[in-house]
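Some notes on the structure that comes next.
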Amino acid sequence: MPPFNDDQFSRQLLAEALFYDEEYGALGNVSLIDKESVRERYLASYDPDRDTYLIEEAVEWEELDADEDGEVDYALAVDGQEYGTYETPEAAAEVLMTLARENNLGPSFMILFDEDAA
């Protein structure tokens, strides 16, 4: 049995997190969080309209209220610009791994629901 590979393990988790369930309107969203500025820096998800995996770089954020219960502990992006599109979740995961390493970013995962699908 080959030795455990941290990179392969992480890439696989990222790729599987970028899912889309049409029946439930559920979308897996991965964010890379800048620990110093405490805000989202990159966001990745499947784009069903374009049938691609999209990574966006955040350019504007909401105000962070760290005292509010139930809120995430980083500022969410409210606007972004396209960083790149990818044909497979594995390709997007590889880019996310590179961005995280190069910029010392941490991961976050959310499931989003399409309100029209409910």
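The values are calculated or read from the model by the stated rules, or taken from the named source; none is laboratory data. For clarity, every value in this text was computed on a predicted model and none was experimentally measured. Backbone-built Cβ (ideal geometry, glycine too); neighbour counts: all protein chains shown.
Scanning the range 1-36 for residues that are in a strand (DSSP E or B) and closer than 15 Å to D114 by Cα returns Y20, D21, A26, L27, G28, N29. Of the listed requirements (1) in a strand (DSSP E or B); (2) modelled with pLDDT of 95 or more, V78 misses just one: (2). Scanning the range 13-36 for residues that are under 16 Å from L99 (Cα atoms) and more than 14 Å from the chain's Cα centre (by Cα) yields K35, E36.
Applying the selection to the range 1-59, what residues are touching a residue at least 12 places away in the same chain (Cβ under 8 Å), on the phi > 0 side of the Ramachandran plot and loosely packed, with under 13 Cβ neighbours inside 10 Å? Result: no residue meets the conditions.
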